1. Springs between alpha-carbon atoms under 10 Å, Gaussian network over the chain: tell me which of Ala53, Ala26, Ala102 tops the mean-square fluctuations.
2. Between segment 1-69 and segment 100-120, what is the C-alpha centre distance in whole Å?
3. Tell me which trypsin sites (Lys or Arg not before Pro) from segment 52-120 have a DSSP coil assignment and no more than 14 other beta carbons within 10 Å of their own.
4. Relative contact order, percent, of segment 4-117 when contacts are C-alpha pairs under 8 Å separated by at least 6 residues?
5. Taking only DSSP H segments of four or more residues, each worth -39500 (n - 2.57), what value at 222 nm results for the chain once the sum is divided by all its residues, to the nearest 500 deg cm²/dmol?
6. When Val19, Val91 are ordered from fewest to most other Cβ atoms inside 10 Å of their Cβ, what list results?
7. Computed over the Cα atoms, what is the radius of gyration of the chain divided by 2.2 N^0.38 Å, N being its residue count?
8. Starting from the Cα of Asn85, step 7 Å along the direction of its Cβ; do the same at His110; then give the gap between the two resulting points in nm.
Amino acid sequence: MKNARFWEYVNGEWIKITVKPGQSLAWSQGGPNEEGWNMEGFRFRYIDDAIRADYWSDGRDCDGRMSDSSSFTCPISRLQVRKPNVFGGEVYGPEDGSLLPAWDKLDSQHRDYSAEAAGY
């Protein structure tokens with residue numbers, strides 16, 4: 001099995017990620033802000049013939065605590081097939097026009113802790 005290489009938007013910029021077979025890469029950032037705190041992160045895992053991407057965010061502001069998580073998968077053969085998105089005439093993708101992964105969503109979760117406490 002060969003290394004998997006693909007582009008992803010991380011920390012405000014497009015970077016090329018390389019994941020070796022069996023490897024797991026993780027990234028996170030966050031801390032206090034003007035309204036409370038926030039954290040977010042990604043984890044990429046090379047499992048069999050696919051990359052699994054897990055995203056999470058957690059934070060607290062004036063409305064209370066909220067958290068989100070999503071999981072995606074992409075076969076190694078589809079890591080460089082999708083054209084970058086265009087919004088309002090601007091290209092959302094690597095500057096060199098590289099193709100992006102065709103992620104398939106596995107699941108997602110959202111928690112609003114204040115709404116749960118209020119019985120919603």
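Throughout, read-outs are computed from the coordinates displayed, never taken from laboratory work. These figures come from a predicted structure and were not determined experimentally. Ideal geometry is used to build each Cβ from the backbone, glycine not excepted, and the neighbour counts take in all protein chains shown.
1. Maximum fluctuation in the GNM of the chain, among the listed residues, is at Ala26.
2. Result: 15 Å between the Cα centres.
3. Taking segment 52-120 and a limit of 14 other Cβ atoms within 10 Å, no loop trypsin sites (Lys or Arg not before Pro) are found.
4. 22 percent
5. -1000 deg cm²/dmol
6. Val91, Val19
7. 1.23
8. 1.5 nm
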